[in-house]
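The values are calculated or read from the model by the stated rules, or taken from the named source; none is laboratory data. Nothing here was measured: the structure is a model prediction, and the numbers come from that model. Cβ placement follows ideal geometry from the backbone for every residue including glycine, while neighbour counts extend to all protein chains displayed.
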C-alpha cells in the first residue's frame, strides 16, 4: 500500500473514531436529560448554524477528500 493511501486511511479512521465518540457523547447527554426536551443551543451555534453542524462538516470533509483522491488518481495514472 502506498504512503498516500496509508495517510488517507489513517485520516478516515480518525474521523470515524471521532464521529463515533462525538455521537456517543451526544446520545449519552440526551439520555441523561431529565425533562425530555433538548437543551437550548449555545449562542455561537445559533449564529453559525451550518458551519457548526457536524453532519455538514462530515460531508464537507468527505467531498474534499474525494476530490483530492480524484485529482491524485488523475495525475498518478498514465492514459
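Structural remarks
- Comparison of 13, 69, 6 shows that the only residue that is modelled with pLDDT under 90, at negative phi and either surrounded by 10 or more Cβ atoms within 10 Å (Cβ to Cβ) or not in a helix (DSSP H, G or I) (or both) is 6.
- Residue in the range 33-54 that is loosely packed, with under 11 Cβ neighbours inside 10 Å, at positive phi and modelled with pLDDT under 80 present: yes
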